[in-house]
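A short worksheet on the structure shown next.
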Amino acid sequence: MINIVLFGPPGAGKGTQAERLVKKYNLFHLSTGDVFRYNIKNETELGKLAKSFMDKGQLVPDEVTIKLLISEVEKHPEAEGFIFDGFPRTQPQAKALDEILSEKGTSIGMMLALDVEEEELRQRLLKRAEVSGRADDADPKVIQNRIDVYKNETAPVKEFYKAQNKYIQIDGIGSIDQITDRLFAEIDAVIR
Ligand code: AMP
């Protein structure tokens, strides 16, 4: 069993790559962004609250996001391991994740951090907007805000995993297949 944090700025390819990793390693894909979007679609109270932050490109508050993460982990006791996509995005979230996994007798095996430069992210997100239907992909101002929030609030989370010797940087430029192969190689080296 292995738990992986798939990390990187918006538009780095976390969702696309997570789909491939779950298939190969039989893991459960837990994307907090996807859970928020599901709640928005179903017009739940959580959805309404999350939307007010997401539409501006801001983070949903830790208190709400951590509670959601815990309940999602609890919902899947059968999972052989998780890929956390889009979580943790702050230091308190990283601490909370360690705590909940440790209560379950497990831990994060590694953080795989996709590295993509800013201009490429902007172009990818605008292109994605044509098919994703995501309001937060369509507005250049919101995109910039998400990138800035990543740089200021989220990128420092790398240090948390560096301190635990779990941080692995992956070149996020190239074809989708090339990047998948890089991720597979790093995971295989750890689980073998
Ligand atoms: P994503 O699908 O990961 O790009 O997330 C879309 C949006 O959902 C983000 O811009 C945030 O507003 C919100 N969100 C997703 N995950 C988190 C998180 N771990 N902490 C706070 N906000 C989050």
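Relative protection proxy for 2-9, 61-68, 90-97, from highest mean packing down: 2-9, 90-97, 61-68 (other beta-carbon atoms within 10 angstrom). In the chain, taking the dipole from charged Cβ atoms about the Cα centre, the farthest positive-side position among Phe84, Gln144, Ser102 is held by Gln144.
Taking a ≥ b ≥ c as the square roots of the Cα gyration tensor eigenvalues, region 125-192 comes out oblate, since a/c reaches at least 1.5 and a/b does not exceed b/c. Rounded to the nearest 20 debye, the dipole magnitude of the chain is 140 debye, with +1 charges on Lys and Arg beta carbons, -1 on Asp and Glu beta carbons, and the Cα centre as origin. Using only alpha-carbon positions in the chain, the gyration tensor eigenvalues give semi-axes of 24, 21, 16 Å once each is multiplied by 5 and square-rooted (largest first).
Applied to region 126-141, the Karplus parametrisation 6.51 cos²θ - 1.76 cosθ + 1.60 on θ = phi - 60° returns per-residue 3J(HN,Hα) values of 5, 5, 4, 4, 5, 10, 6, x, 7, 4, 6, 8, 8, 9, x, 5 Hz, with x for Gly and Pro.
Cross-link partners for Lys166 among the lysines, with Cα-Cα distance under 29 Å and sequence neighbours closer than 8 places in the same chain left out: Lys14, Lys23, Lys24, Lys67, Lys75, Lys95, Lys104, Lys151, Lys158. Between Phe53 and Asp171, take the C-beta separation as r, use R0 = 41 Å, and let me know the FRET efficiency to the nearest 0.05. Step by step, r from the Cβ atoms, then E = 0.85. Under 20 Å from the 7 Å Cα→Cβ point of Lys75, by amide nitrogen: which residues of region 49-65? Answer for region 49-65: 49-54, 60-65.
Where a number appears in this text, it was derived from the coordinates with a stated rule and is not lab data. All values reported here derive from a predicted model rather than from experimental measurement. Counting neighbours? That spans all protein chains shown, and the Cβs are built from the backbone with ideal geometry, glycine included.
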